[in-house]
Amino acid sequence: MRLCFSRGGVSVFAAILVALPILVHSEPSVYPTGVTRYDPLRAFNSYVLFAGADKITRLIDLNGNVVREWKYTALPSKLLDPLLTGGQRGHVLVTLANVEGGGTSLVPGLAALAVSETIGEVDWDGKVVWEWGGDKAPGGAAQQHHDWHRLPNGNTLILANLVHPVPGFEQPKVLDDVVYEISPGGEIVWKWIASEHLEEFGFAPDELKLVRKADTPDYLHVNNLSVLGPNRWFDAGDKRFDPENVLIDSRNANFTAIIDKKTGKIVWSLGPHYPANELVTRSKRLLPRPVDQISGQHDAHLIPQGLPGAGNLLVYDNQGEGGYPPVALSVTGGSRVLEIDPIKKEIIWEYTGENSGRPGWTFQSTFISSARRLPNGNTLIDEGYNGRFFQVTPEGEIVWEYISPYFAKSVNFITGKDIQTNQVYRAQPVPYEWVPTNTPHSEKAVIPPALAEFRVPAQP
C-alpha cells in the first residue's frame, strides 16, 4: 500500500508494506508510460483532466498529448461544464494555497501535514476568477478535501474538515467531515456536519461504540461528495432522490448515503452491512445479484441523465481495509467497479481484472481511484495508486490505456529512503466542447505489442 502525506504544499508519499490476509499487489520496476493502447473507433474520444503526482494539473488528449496545464494541484482538480460558468470554457477548480496543519490525507488514519488554505477557480490561462478561504473560512482555512462541485445556482459545494471535540469520542478532537455550500461572495449558506448524524448511518450499537473509540481522529474519512441531479427515481415519485440532495461515502465505515438537502437527514444508504465476499462459482457471479461486501469505496455517484445506465449508482469498490469492525476481504485481491440499482440494491454491471482476461489482482488500487460512465457506454477508470487510466467497453475490453509519466520524488517515513510515485487521485473525462474552440486533439490509433514479446532492448 502507498501512503500520501503533504508538507507545506509539497506532497510526501510514503510506501509501506502492510501485512494483510490477501495477496500483496506488486508491479514491474520498468514499464511503459503514456498511452499504451488506443482504438479511436471504439473509445469515447475526449480529453482527460488529472492532477499528477508532481502537483501540476494537466489536460491531455487520448494520444497523451498535453493540451493545457495549470501550475496548481487539487483534491481533485475539476474542469467545469460551461453551463456552470456563464458559457466560459476551460475553467478549472484547483487549490490555490496550502497551510501547515492537520487535515485528511489520501489514506485514512494519517492526517495530512498541510491542508488547503485557499481554493478557487482559474480560467484557461490560469487567471484566478474566484477564490475562497482565509477570513471567510472557519478557522482561517478552506480545509477542502476529496471533492467539490459547482452548483447551477452559482454556489460551490465543498467537502471539508472540521477539527472539534465531539462528546462520547475517545479522541479529544475529531477530524470531522463537513459539507459547506458557499456563495460566489464567499458566504456559507448551508452546512452539514457528519458527527451530528451518527445514529442515521446504520451502525449497530456495538459498531457505534467502535466508531467512538476509533484510534484515529479521521473516524469516517468521507472521500466523496456528489449532487444527485435530475434522475428517473425522483421523476417516478421517490422523494429520497430529490435532484438537490447530496450523496457521500465513508471510506473508513464502508457506507454510501444520501443527505436530504432540506432537512440534513440521511434518507437512503448502502452499507455498512453487506453479505461477505467469498470465492464464488461462475453461477454466483451472474447479474443482477445482491450487492456483496464493498470496502474502502470511492467516487460513488448517480450516473447522470443522458448516459447509459442513468440513475444507477456507479462506484469504485477499492476492496481496501475498512469497517467497524474491519471486514474480511476477498482472498484473491483486486478492486472492482460496480454499477448498482439503488432501489433494488443489486449489482447490474461490474468490472474486475477478469473482465479483461487477466487475474483479478491485476486491477487493484486499495485507496484513491475513480470510475465515470461515458456517452458511448464505455467507462473511464482511474486505477489510482498505479497512475493508470483506461477505458473499458461494457464487456470489459480495454480500448484506451494511459500510464501517468509524472512522478514525484518523496521520502518513505519509515525507512527515510527516497521513493517515486505516479499515483493519481481521480481522472475526469472532459468533452471537447468544454474547452476553447480550436484546442488541438489527436485521435491516432495506438496498437500495443504482444505482451509476451515486449522487450527493452539491450545497450549496444
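The values are calculated or read from the model by the stated rules, or taken from the named source; none is laboratory data. Only a predicted model underlies this, so the values are computations on that prediction, with no experimental measurement involved. Neighbour counts are summed over all protein chains in view; Cβ atoms, including those assigned to glycine, are modelled from backbone coordinates with ideal geometry.
Conditions tested, residue by residue: (1) under 19 Å from the mean Cα position of the chain (by Cα); (2) under 28 Å from ASP292 (Cα atoms); (3) at pLDDT below 95.
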position	(1), (2), (3)
LYS344	no, yes, no
GLY357	no, yes, yes
TRP400	no, no, no
ASN412	no, no, yes
TYR432	no, no, no
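Restricted to the stretch 122-151, and to residues that are under 22 Å from the mean Cα position of the chain (by Cα) and outside any strand (DSSP E or B), which residue is nearest to ALA253 (Cα to Cα)?
GLN143
So which of VAL128, VAL99 is aliphatic (A, V, I, L, M), in contact with an Asp or Glu (Cβ under 7 Å, 6 or more places away or on another chain) and more than 24 Å from GLN297 (Cβ to Cβ)? Break it down stepwise before answering.
Working: VAL128 fails: in contact with an Asp or Glu (Cβ under 7 Å, 6 or more places away or on another chain).
Unique residue meeting the criteria: VAL99.
Results for (1) within 16 Å of HIS301 (Cα to Cα); (2) charged (D, E, K, R); (3) in a helix (DSSP H, G or I); (4) under 17 Å from the mean Cα position of the chain (by Cα), shown as yes or no for each residue.
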{"position": "TRP349", "(1), (2), (3), (4)": "yes, no, no, no"}
{"position": "GLU354", "(1), (2), (3), (4)": "no, yes, yes, no"}
{"position": "THR366", "(1), (2), (3), (4)": "no, no, no, yes"}
{"position": "ALA371", "(1), (2), (3), (4)": "yes, no, no, yes"}
{"position": "ASN376", "(1), (2), (3), (4)": "no, no, no, no"}
{"position": "LEU380", "(1), (2), (3), (4)": "yes, no, no, yes"}
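Is one or more of the residues making up the stretch 437-458 modelled with pLDDT of 95 or more, in a helix (DSSP H, G or I), more than 16 Å from ARG37 (Cα to Cα) and out of contact with any Phe, Trp or Tyr (no Cβ under 6 Å at 6 or more places or on another chain)?
no
Report, by residue number, each residue of the stretch 239-257 that is assigned to a strand (DSSP E or B) and either touching a helix residue (DSSP H, G or I) at 6+ places or on another chain (Cβ under 6 Å) or among the charged types (D, E, K, R) (or both).
Going residue by residue through the stretch 239-257, those that are assigned to a strand (DSSP E or B) are 246-250, 255-257.
Listed by number, the list holds a single entry, ASP249.
Go through the stretch 201-228 and give me each residue that's small (Gly, Ala, Ser) and either part of a helix (DSSP H, G or I) or in contact with a strand residue (DSSP E or B) (Cβ under 9 Å, 6 or more places away or on another chain) (or both). Full working, then the answer.
Step one: list which residues in the stretch 201-228 are small (Gly, Ala, Ser), which gives 202, 204, 214, 226.
Matches in the stretch 201-228: GLY202, ALA214, SER226.
Yes/no per residue for (1) exposed (fewer than 15 other Cβ atoms within 10 Å of the Cβ); (2) modelled with pLDDT of 95 or more; (3) under 30 Å from SER183 (Cβ atoms):
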| site | (1), (2), (3) |
| --- | --- |
| ARG2 | no, no, no |
| PHE5 | no, no, no |
| PRO21 | yes, no, no |
| VAL48 | no, yes, no |
| GLY87 | yes, yes, yes |
| HIS91 | no, yes, yes |
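Scan the stretch 163-197 for residues that are more than 24 Å from the chain's Cα centre (by Cα) and polar (S, T, N, Q) and report the count. Please lay out each step first, then the result.
Our first condition is that a residue be more than 24 Å from the chain's Cα centre (by Cα); within the stretch 163-197, this holds for 164-173, 183-189, 196.
Pick out the ones that are also polar (S, T, N, Q) and you get 171, 183.
Of the residues in that region, 2 qualify.
Output the residues belonging to the stretch 198-216 that are within 24 Å of the chain's Cα centre (by Cα) and under 13 Å from PRO167 (Cα atoms).
LEU198, VAL211
Scanning the stretch 151-184 for residues that are free of Cβ contacts under 8 Å to residues at least 24 places away in the same chain and out of contact with any helix residue (DSSP H, G or I) (no Cβ under 9 Å at 6 or more places or on another chain), which turns out nearest to GLY139 (Cα to Cα)?
PRO165
Of the residues in the stretch 422-453, how many are closer than 23 Å to SER365 by Cα and of a type in the set (Lys, Arg)?
Adding up the residues that qualify gives 1.
Tally up the residues in the stretch 53-106 that are among the β-branched types (Val, Ile, Thr) and at positive phi, please. Break it down stepwise before answering.
Kept after step one, since they are among the β-branched types (Val, Ile, Thr), are these residues of the stretch 53-106: 56-57, 60, 66-67, 73, 85, 92, 94-95, 99, 104.
Next cut, at positive phi only: none.
Within the stretch 53-106, residues that are among the β-branched types (Val, Ile, Thr) and at positive phi number 0.
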